[in-house]
Amino acid sequence: MKRVAITGMGIVAPGGSSPDEFYAGLIAGRSSIRRLPTDFAPQLSTRIAAFIDFDPALHFVPPHMRMLDRVSQFALVAAAQAIGAARLELNDALRARAGVFLGTGMGGANSIEEGYATLFRDGSDRIKPFSVLLAMNNAAAAWIASEYQLRGPSLTYSTACSSSAVAIGEAWQRIRHGETELMLAGGSEAALTMGTMKAWESLRTLATEDREDPAASCKPFSRNRSGLVLGEGAAMFVLEEWEHAVTRGAPIQAELVGYGLSTDCEHITRPQSARPG
Amino acid sequence: VGSQAHPGKSGNGGHGAAAVSTFDRLSDILNRDHAVSAGSLTADTTLASLAIDSLALIELIFAIEDTFGISVPDADADMAKEFGTLGELSNYVDNLIMARDAAASARPVAVAREARLPAAE
């Protein structure tokens, strides 16, 4: 069995859009939760979220940008950071087997909702010609693979909250079993749409806003906790076979030593508490 | 490509005393959506030279339909082959605008004539 190193990290998050910035925010205990600045916020009962001030024009030229849902934009920017940090020189032999595993719960939610608004709200059939490319859940992984010409497996996992962890774990398996030396793995989510927010609101799972400090609305493990707060972002990692990383003098950040997968059959929303799920 | 008529932002089809020609409006679309410098375009510029691939072409057709209030038939949507140059594309759009205007003016006249008939006789 091969060992697996993490040699590059990239992140686009409300708390910072580089690993250093994000880490500094965590250490400082900075919350990224705030009132949504989007125009539909007044129509929501719960108006708080962890929203990214993200300008895609800083990263993509317009013709390309219009083909990318926000979820793919996040993922591509995070992937670029990770590959840059890993100081990878991709050659044909490496590219032939390298792949992209990515987790996303809702994929191109913004594009789906925009299409529905055109159809059902505006009563128009003028749906954007790229709607399928924008909305499909596998778009982010496919764009990353295409951008870096990684011709190994490109898979998208959608397993709710565990989507990204599953993508990383499955990528680890591929390297561990010697199928490839290199994988890009992580996840992306960009679902802070009116419809998504309303749906979560309707499930009565969202935290109520802390009137004194909206940033403190998420209170895990606290007696006065009231629910979860939705957010968005992407994180991508370069997973590399250990000897390959060592041989090329890669900046090894960590070793990924284990991964397990099982299904908690207790309930669709409530995790098991008695047995390990 | 939808089959219904799309309300154009204006009926200006570039013919007659039109202030802005079809070619100029096509140049504006290419400038806006495809980062092409409008000043560099001539009637002989080919779409291929602008790196308009099959996907970009689909988007261009969509923008043309919205801008000119026309509907491009599916059979014509493969315009990269049919319309190699901007001049040819411009002529094609002009023809669709004329066909649309002809259809629009023919219909009310026919209705009016029918409506007049009982009174006239």
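Taking the Cα centre of chain A as reference, the dipole from Cβ charges on Lys and Arg (+1) and Asp and Glu (-1) amounts to some 440 debye.
If you take all other residues with their beta carbon under 14 Å from the beta carbon of A:Ala142, and give Lys and Arg +1 and Asp and Glu -1, the sum is -1. Entry note, the range A:55-196: relative contact order of 37 percent, from Cα contacts under 8 Å with a spacing of 6+ residues.
Less than 12 Å Cβ to Cβ from A:Ser163, Lys/Arg counted +1 and Asp/Glu -1: what total charge do the surrounding residues give? Summing Lys and Arg as +1 and Asp and Glu as -1 gives -2.
What a 1.4 Å probe finds exposed on the protein assembly as shown is 55% carbon and sulfur by accessible area, rounded to a whole percent. Of the residues A:Gly15, A:Ala82, A:Met65, the one whose Cα sits farthest toward the positive end of the charge dipole of the range A:4-131, with +1 on the Cβ of Lys and Arg and -1 on the Cβ of Asp and Glu, is A:Gly15. Tell me, how many Å apart are the Cα centres for the range A:48-84 and for the range A:186-209? First find each Cα centre; the distance between them is then 20 Å. Peptide A:62-74 shows a mean partner chain C-beta count of 2 within 10 Å per residue C-beta.
Take every DSSP beta bridge with both residues inside chain A and express the antiparallel ones as a percent of the total, to the nearest 5.
Just about 65 percent of them are antiparallel.
Once you order the gyration tensor axes a ≥ b ≥ c over the Cα atoms, which shape class does the range A:125-226 get: rounded for a/c under 1.5, otherwise prolate or oblate by comparing a/b with b/c? It comes out oblate by the Cα gyration axes. Of the chymotrypsin sites (Phe, Trp or Tyr not before Pro) found in the range A:157-233, those that fall in a DSSP loop while having at most 14 other beta-carbon atoms within 10 Å are A:Phe221.
Using a 1.4 Å probe over protein heavy atoms, the accessible area lost on pairing B with A, summed over both chains, comes to approximately 1000 Å². Inter-chain neighbour count for A:121-131: the average number of beta-carbon atoms from partner chains within 10 Å of each residue's beta-carbon is 3.
Solvent-accessible area per residue in the range A:16-134 equals 51 Å², computed with a 1.4 angstrom probe and all protein chains kept.
A viscosity of 1.567 mPa s and a temperature of 4 °C, combined with the Kirkwood radius over C-alpha pairs in the Stokes-Einstein formula, give the range A:59-177 a diffusion coefficient of 84 µm²/s.
Probing with 1.4 Å while keeping every protein chain in the model, the per residue accessible area of the range B:38-105 equals 46 Å².
For chain A, with a Gaussian network of springs between Cα atoms less than 10 Å apart, report the residue from A:Ala93, A:Ala109, A:Ala254 with the top mean-square fluctuation. Answer for the Gaussian network model of chain A: A:Ala93. Count Lys and Arg as plus one, Asp and Glu as minus one, and take only other residues whose Cβ is under 10 Å from that of A:Cys218; the net charge is then +1. Excluding the site residues themselves, the longest part of chain A lacking any GluC sites (Glu not before Pro) in a DSSP loop with at most 15 other Cβ atoms within 10 Å is A:90-178.
Adding -39500 (n - 2.57) for every DSSP H run of four residues or longer, then dividing by how many residues the protein assembly as shown holds, sets the calculated 222 nm ellipticity at -11500 deg cm²/dmol. Run the paramagnetic zone check for A:Tyr23: 7 angstrom along Cα to Cβ, then residues of the range A:234-256 with backbone nitrogen under 12 Å. Residues A:252-254 qualify, since their backbone N sits under 12 Å from the label point. Restricting the trypsin sites (Lys or Arg not before Pro) of the range A:23-128 to loop positions (DSSP other than H, G, I, E, B) with no more than 16 neighbouring Cβ atoms within 10 Å leaves A:Arg30, A:Arg87, A:Arg126. Under a Gaussian network description of chain A, with springs only between Cα atoms under 10 Å, the residue in A:Ala199, A:Ala79, A:Ala140 that fluctuates furthest is A:Ala199. Using the Stokes-Einstein relation with a Kirkwood hydrodynamic radius computed over Cα pairs, the translational diffusion coefficient of chain A at 10 °C and a viscosity of 1.306 mPa s comes to 80 µm²/s. Putting +1 on Lys and Arg Cβ atoms and -1 on Asp and Glu Cβ atoms, find which of A:Leu150, A:Gly107, A:Phe120 reaches farthest to the positive end of the dipole of the range A:53-177. Comparing the listed Cα positions along the dipole, A:Leu150 ranks first. Among the residues of B:32-38, the average count of other protein chain beta-carbon atoms within 10 Å of the residue beta-carbon is 2. Under the shape rule built on the C-alpha gyration tensor, where the axes satisfy a ≥ b ≥ c, the range A:1-123 is oblate, since a/c reaches at least 1.5 while a/b does not exceed b/c.
Pick from A:Ala250, A:Ala28, A:Ala165 the residue whose mean-square fluctuation is largest in a GNM of chain A, springs joining Cα atoms under 10 Å. Sorting by GNM fluctuation, first place goes to A:Ala28. Would you please classify the overall shape of the range A:124-180 from the alpha carbon gyration tensor, given that a ≥ b ≥ c denote the square roots of the eigenvalues, rounded means a/c under 1.5, and beyond that prolate means a/b larger than b/c while oblate covers the rest? In terms of gyration-tensor shape, oblate.
The values are calculated or read from the model by the stated rules, or taken from the named source; none is laboratory data. These figures come from a predicted structure and were not determined experimentally. Cβ coordinates were reconstructed from backbone atoms using ideal geometry, including for glycine residues, and neighbour counts include every protein chain displayed. Surface accessibility is based on the protein's heavy atoms, side chains included, excluding ligands, DNA and RNA. Shrake-Rupley method; radii C 1.70, N 1.55, O 1.52, S 1.80 Å.
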